[in-house]
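The values are calculated or read from the model by the stated rules, or taken from the named source; none is laboratory data. Every value quoted in this text rests on a predicted model; they were computed, and no experiment measured them. Cβ coordinates were reconstructed from backbone atoms using ideal geometry, including for glycine residues, and neighbour counts include every protein chain displayed.
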Amino acid sequence: MPTQEPRTRFTAVAQLLHWIIAALIVTQFALAWTARDLPPGTHKLALLAWHKSFGMTVLMLAILRVAWRWGNPPPELPAGMTPLERTLARATHIAFYALLFAMPITGWLMSSAKNYSVSWFGLFTWPDLIAQNKTAFEALKTTHDCLSGVLLVIAVLHILAALKHHFWNKDDVLLRMLPFTKSKRGS
Amino acid sequence: MRRAAIFLAMLCMASAATVGRAANPVQSYTADPSASRLDFIGIQAGAEFKGTFRKFTAAIDFAPDALASSHFDVQIDLNSLDTMDDDRDATMRGPDIFDIAHFPASRYVTRSFTKTPTGYSAAGTLSLHGVTKDVPIDFVFVSTPGGAKLEGTAKLNRLEFGVGQGDWKSTESVKDVVKVAFSLILKPRSLSE
């Protein structure tokens, strides 16, 4: 068996999952921030119903994504990166993966604790993870909110890093995750 | 003489029938408030949510062999609703849902009973939010050493009672249909009650 060339780009599946999840996360922030300022009512309920459905979608896609990554390792980081940059990049990505699970799960727990079960687009209802509990709800809400802040910071770092790689280092770090492009090396 | 005999015979039969009915009187019960439950299940944002009424009284006159003289009268304190979320409870007590400032109580009174393959069905009226409408209930009745157990369900459309005004008239976030489930532990009602 000939050894396979090391991958230089993310697979199409990895790219697809990356961009769908990215779009969902942007939508999640928009829904959450809009709902936050609304008085209790049908409009708020409707927005939060979308937020929960999209959140559970992120959780399912995150499972798929980890499974895919397991079988299809990502391309190596560019050779010129310093150890510090490598550590930072790895830490950011690990945090991202952790949050892809932590955000939906804390949200799901929150809904259970408040006795508002999570429906998936009205098609089916997810089981409650814990019994109704006001104290737990408050703690979970704080956690969910804090983690969303962490997610926002990491997302900004991630985007800035991708742009820095593209425009400053002029490597293919951004391009290899962009569909319909060609990477500079190896392609 | 012959007429008198027929009349006498008829009188005997009539009194026998009366005695026969009197031999199967209904039992009068009241629901034990601490052991009984009256729950409702709505569908909000696609998912079921359960609430309960903590305060209600149920005067149950029932005997399986005396359906014609059986009768339920249930009175519900709507302010006692509990959906295990203060925000939702406050909204439901408010003017757009139950409007308990104007309609603090609800009442269910039966009109007639029929036997069904699995238990019994009652025809009756529910008064809620200033509207009185027919709502049938299905239930099973089991005699127990200390009294009886009455378990059943009903289904109603909240909008028929005007429960849901303004935005809440929309069935997109809260469905029209609401299920009701009850489990009453009945104790014999004392004569003084």
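A:Leu84 is checked against (1) free of Cβ contacts under 8 Å to residues at least 60 places away in the same chain; (2) part of a helix (DSSP H, G or I); (3) surrounded by 13 or more Cβ atoms within 10 Å (Cβ to Cβ) and fails just one. What number does that condition carry?
Of the numbered conditions (1) free of Cβ contacts under 8 Å to residues at least 60 places away in the same chain; (2) part of a helix (DSSP H, G or I); (3) surrounded by 13 or more Cβ atoms within 10 Å (Cβ to Cβ), the odd one out for A:Leu84 is (3).
Is it the case, given these coordinates, that B:Gly51 is within 11 Å of another protein chain (Cβ to nearest Cβ) and either assigned to a strand (DSSP E or B) or of a type in the set (Asp, Glu) (or both)? Steps first, answer last, please.
Working: within 11 Å of another protein chain (Cβ to nearest Cβ): yes; either assigned to a strand (DSSP E or B) or of a type in the set (Asp, Glu) (or both): yes.
Judged against the criteria, B:Gly51 is a match.
Does A:Ala131 satisfy the condition of being hydrophobic (A, V, I, L, M, F, W, C), part of a helix (DSSP H, G or I), more than 23 Å from the chain's Cα centre (by Cα) and surrounded by fewer than 18 Cβ atoms within 10 Å (Cβ to Cβ)?
no
Of everything in the range A:52-101, what is basic (Lys, Arg) and within 12 Å of the chain's Cα centre (by Cα)? Give them in sequence order.
Hit for the range A:52-101 is A:Arg65, nothing else.
Quick one: in the range B:57-97, of everything that is part of a helix (DSSP H, G or I), in contact with a helix residue (DSSP H, G or I) (Cβ under 9 Å, 6 or more places away or on another chain) and away from every other protein chain (no Cβ under 14 Å), which residue is surrounded by the fewest Cβ atoms within 10 Å (Cβ to Cβ)?
By that ranking, first place goes to B:Ala68.
From the set of residues in the range A:114-137 that are within 8 Å of chain B (Cβ to nearest Cβ) and among the polar types (S, T, N, Q), which is nearest to B:Ser173 (Cα to Cα)?
A:Ser119
Look through A:Ala162, A:Ala113, A:Ala139 and report the one residue that is at pLDDT 90 or above, touching a Leu at 6+ places or on another chain (Cβ under 8 Å), surrounded by 14 or more Cβ atoms within 10 Å (Cβ to Cβ) and over 22 Å from A:Ile21 (Cβ atoms).
After applying the criteria, what remains is A:Ala113.
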